[in-house]
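Since the structure comes first, as C-alpha cells, the remarks are kept for the end.
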Amino acid sequence: METERYSRQTVLKEFGHKAQAKLAQAKVLVVGAGGLGVPVLTYLNAMGVGTLGMVDADTISTSNLHRQVLYTTQDVGESKVAIASKKLRAQNPNTELLSYDTFLTKENAMDIINGYDLVIDATDNFPTRYLVNDVCVILKKPFVYGALHSFEGQISVFNYKGGPTYRCLFPDMPSAQEVPNCDENGVLGVIPGIVGNLQALEAVKVLTGIGEVLSGKLLLFNGLNQSFQKVKFSPIPANLNITMLQMEYTLNCSKETVSIEASEFEKLWNSELLQIIDVRTLKEYEQFHLRNSICHPLDGIDNWRHQINLSSPVYLICQSGIRSLKAQQYLQANNPEANFINVNGGINKLKIYATEH
C-alpha cells in the first residue's frame, strides 16, 4: 500500500491505517457507470478500494457529458466501462478493475454480485434496483442506493446487518405510468456528483466501520435550497427472507405491448394514411410534428382517450418513446381489444425529423 498516496486520510484518527487496510481488502461492485457511477467509481478508486467491478453495457453519448465528467467529447460512442477502466487505471494503478460490458439481468446477477462484499446501485431504472435488492438479500450483501430527480437526490443503505431492504421502503415495482419521463424531467449536471459522492461515503463507512451508516434512514437532498432530510423506516420481516428471484423484473403493465422501430414506421408513414397520436406537449408539437398526426398530450389522456377510433391501429409517438409507451400501456389496459402500437425511439430516431426540423 502506498503510504503517501493515502496519507491525508490515514492521518485522521477516526480512520487511520486500519481503515485504509480494510479498503484495500474490499471488493465493491458498482452497477451503472453513468451519472452516479462516475463519482462513485472515481472516489472509491482514488481512496484505495482494492477491487472495483463495474457493470454497464451502455456507450457514451453527447448528452451524458454535462454530468458524467469522467468522459470527454472524444469518448462519444465508446463503451462506458472500457473508457472508465482506462481512466481509473491511470488515476490509481493499484486498484484491481473488473469490467462487465453487459447489463445486469436475472440470468447473470447472482454470479456477478456473489464475488463482491458490497454493491452500489448507480442505475436509473426500477427493474434493476429490485433485481439488485433481491440478489443482495439472497446473498446477504449490503447495497448502497442512490436516485435522482431534477434537482433532488435520495441515498440509503439497504440489507445492512439485518436492517431494512429496498422493498421495505418501496414494496412494489411501479407501473409504467408512475415512472418519471426522462425528456420532461432532466437532471442538473452537478446533482449526480453530489449524490454519487454521498453514496461513496456510505460505502466507505460500511467497509471500514467508521461513522453511522444510513441503514433504516432515507436521506433526501434538495439542491435548490441546499436542504437535507432524513426519513426513518423499519424492516419488514418478509422482505428480509427472500430466497429466490422473481420470474421477471419489468415494469408492471397489464398486457404485452406491440411496438415498431422508427425506421419501419417511416416506411408506413410515407405510404399509408395512419392514425397517429403525438402525446408530447402542445409546445413540443408546435415546434415539429408529423403530418396527419394529432396532438393529445399524455397528461390529459383521460380527456381524449374516448375520441380515438379503435377500429383501426393507433400509432403512438413522443420525443423518445417513453411517454408514448406509458400512453400505450394505459390505453391498452382500458381497451384490451384495440391495437395500440408504440414507435420505439420516437421522433428522435426518425430521419425525417433530422432533415426537416
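Applying the Kirkwood pairwise sum to the alpha-carbon positions of the stretch 38-80 produces a hydrodynamic radius of 11.3 angstrom. Maximal additional length on extending the Leu310-Asn94 stretch stands at 71.5 nm, based on 0.36 nm per residue less the C-alpha distance. Here, the stretch 258-356 has an Rg and a Dmax of 12.3, 37 Å when only alpha carbons are counted. Bridges between two residues of the stretch 7-240, per DSSP, are antiparallel at a rate of about 50%. Distant-in-sequence amide contacts of Leu350, defined by a placed amide H-H separation under 5 Å and a gap of 5 or more residues or a different chain, comprise nothing. Equivalent ellipsoid of the chain: semi-axes from √(5λ) of the C-alpha gyration tensor, largest first, are 42, 23, 18 Å.
Segment Asn334..Ala57, full-extension length gain: 96.2 nm, with 0.36 nm per residue of separation and the alpha-carbon distance subtracted. Under 5 Å from the amide H of Ile294 lie the amide H atoms of Ile276, Ile277, Asp278, each residue being 5 or more positions distant or on a separate chain, with H modelled from the backbone and absent for Pro and chain starts. Quick check: pseudo-label points 7 Å beyond the Cα along Cα→Cβ at Asn303 and Thr72, how many nm apart are they? My value for the distance between the label points is 5.0 nm. Between Asp172 and Leu282, the FRET efficiency estimated from the beta carbon spacing at R0 = 45 angstrom works out to 0.85. The distance from the alpha carbon centre of the stretch 203-222 to that of the stretch 28-63 is 19 Å, rounded to a whole number. Whole-Hz Karplus values for the stretch 215-231 come out as 9, x, 9, 9, 8, 10, 10, 10, x, 6, 10, 6, 10, 10, 9, 10, 10 Hz, taken residue by residue from phi with 6.51 cos²θ - 1.76 cosθ + 1.60 and θ = phi - 60°; glycine and proline positions read x. Residues Asp117, Asp58, Asp111 in ascending order of nearby Cβ atoms (within 10 Å, fewest first): Asp111, Asp58, Asp117. Within straight-line reach of Lys87, meaning a Cα separation under 18 Å, sit the following aspartates and glutamates at least 8 residues removed in sequence or on another chain: Asp56, Asp58, Asp75, Glu78, Glu96, Asp101.
Taking the centroid of alpha carbons for each part, the stretch 145-171 and the stretch 68-93 are 28 Å apart. With contributions of -39500 (n - 2.57) from each DSSP H run of at least four residues, the per-residue ellipticity at 222 nm computed over the chain stands at -9500 deg cm²/dmol.
Exceedance of the 24 Å cut-off in Cα-Cα distance is limited, within the set Lys18/Lys217; Lys161/Lys230; Lys27/Lys161, to Lys18/Lys217. Near Ala24: Cβ cut-off under 14 Å, other residues only, Lys/Arg at +1 and Asp/Glu at -1. The net charge is +1.
Net length available on complete extension from Ala82 to Ser7 is 24.0 nm, with 0.36 nm assigned per residue and the Cα-Cα distance removed. The angle separating the long axis of helix 322-334 from the principal Cα axis of greatest extent in the chain is about 60 degrees.
No value in this document is a laboratory result; all are computed from the given coordinates. Note that the coordinates shown come from a computational prediction; the quantities given were computed from them, not determined experimentally. Cβ atoms come from the backbone with ideal geometry, glycine included; neighbour counts cover every protein chain shown.
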